[in-house]
Amino acid sequence: MKTAIVLGGSRGIGKAIADSLKSINCNVIATSKNDLDTSNLENVSSFAEKHKETDILVLNTGGPEPKEFFSVTEDDWKRYHNQLFLGFCTLLQKIKINDNGYVFLISSGVIKEPDSKLIISSAYRSAFSSVFKILSKQFAGKQISCINIAPGPIQTDRTKELIDDVEAFAKTLPMKRLGKPQEIGDFVKSIVKIHKVELLVVQYNNRFYFSRRNPNCDWLKNAIVNPNVTVSFNRQTFSGKAKLVTNILLNKKICQLKYEDEKRANEERVVLEVDCN
Ligand SMILES: NC(=O)c1ccc[n+]([C@@H]2O[C@H](COP(=O)([O-])OP(=O)(O)OC[C@H]3O[C@@H](n4cnc5c(N)ncnc54)[C@H](OP(=O)(O)O)[C@@H]3O)[C@@H](O)[C@H]2O)c1
């Protein structure tokens, strides 16, 4: 069972993600501001002391109140520097993300299109997105995926705080509606969920082989991008690495082993090898 920590998981986008992860049997710790206030660095450190590792970490927190540049105080900058930037950096330094894990960041569309009323958010979310992008390359070596979700307007308490007439605002949007928190929850779930497919297998030289005439199918493309796969065969489960077979003779051999019918055995196929040794 995968473990997940979802910050800001008591309401809105965070809660939808926490619920989605629970629905695929993840063991979820969903925090509210009372459990972990990301602007309070002592609180952040003591949280990381108690939760030393996880498979999935969702970096999410409350958003700053809207303010134009000349009304932002020094205290505002410091508080949100901690809340939106330093708190997350500290958590990533102190909480171990297990191999093959995920870190999701809930940032904001303002990282691409800064908003003058959300100048604090625009500044610190862009800054943290840079840190996150750099770290993603380090984490990739352990097959840990870092995914920055930068939402547009989503129907939560936050939007009610920011927008006077949500209904009228919705009509100005391309879809004529705001996004739903559940849509982000579903997106996260679809990434974390194990993708299963039933296939005809060929066992040859202690390796598993799968083939397909049309290379443009999801399971094949998925296995090429995410080569760490699990094969369930004869009530046993094996973990292995998938790769395309480039040796023409081996490719032909697998097709012949797979099909008795001569015509099918001689058809051109893409063959995937899974080595579980
Ligand atoms: N909704 C949007 O349209 C939208 C668009 C782009 C980006 N975002 C950003 O996405 C994030 C989540 O948005 P949302 O709409 O889901 O917000 P929300 O409905 O207001 O929920 C905020 C969540 O964060 C928690 N929280 C608040 N202050 C915190 C703090 N200082 N430290 C840790 N947790 C804190 C809240 O806990 P409590 O329940 O204890 O208050 C709650 O669980 C925010 O950063 C927001 O700015 C939202």
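Spacing of the modelled spin labels on SER116 and ASN234, each 7 Å from Cα toward Cβ, amounts to 7.1 nm.
Cross-link partners of LYS2 among aspartates and glutamates, defined as those whose alpha carbon lies under 12 angstrom from its own and excluding same-chain residues fewer than eight positions apart: GLU53, ASP55, ASP99. Within region 75-100, whose backbone N sits under 19 Å from a point 7 Å along Cα→Cβ of ASN40? From region 75-100, the list is 75-92. For a modelled paramagnetic label at ILE134, 7 Å from Cα along Cα-to-Cβ, the residues of region 70-87 in reach, with backbone nitrogen under 19 Å, are 81-87. In terms of Cα to Cα distance under 14 Å, which aspartates and glutamates are near enough to LYS243, apart from those fewer than 8 places away along the same chain? The qualifying aspartates and glutamates are GLU273, ASP275. Compared with the direct C-alpha span, the chain from ASN266 to LYS22 gains 83.2 nm at full extension, assuming 0.36 nm per residue. Taking the longest Cα principal axis of the chain as reference, the axis of helix 41-50 is set at about 30 degrees. When the C-alpha to C-alpha distance is required to be over 24 Å, the pairs from LYS221/LYS253; LYS142/LYS241; LYS94/LYS196; LYS94/LYS160; LYS52/LYS78; LYS96/LYS196 that qualify are LYS94/LYS196; LYS94/LYS160; LYS52/LYS78; LYS96/LYS196. Placing a label point 7 Å from the Cα of GLU53 along the Cα-to-Cβ direction, the residues of region 82-96 whose backbone N falls under 13 Å of that point are 95-96. Normalised by 2.2 N^0.38 Å, with N the number of residues, the alpha-carbon radius of gyration of the chain equals 1.25. Only helices enter the 222 nm calculation for the chain: every DSSP H run of n ≥ 4 contributes -39,500 (n - 2.57), and dividing by all residues gives -11000 deg cm²/dmol, rounded to 500.
Loop-located GluC sites (Glu not before Pro) across region 40-104 with a Cβ neighbour count of 15 or fewer within 10 Å are GLU68, with loop assigned by DSSP. Bridging of LYS67 to aspartates and glutamates at a Cα separation below 20 Å is possible for ASP75, ASP76, GLU113, ASP115, ASP157, GLU161, ASP164, ASP165, once same-chain residues fewer than 8 apart are set aside. Residue separation of TRP77 and ARG177 scaled by 0.36 nm, minus their Cα-Cα distance, works out to 32.8 nm of gained length.
Read-outs: derived from the displayed coordinates by stated rules, not from any lab. These figures come from a predicted structure and were not determined experimentally. All Cβ positions, even for glycine, are placed from backbone atoms using ideal geometry, and neighbour counts span all protein chains on display.
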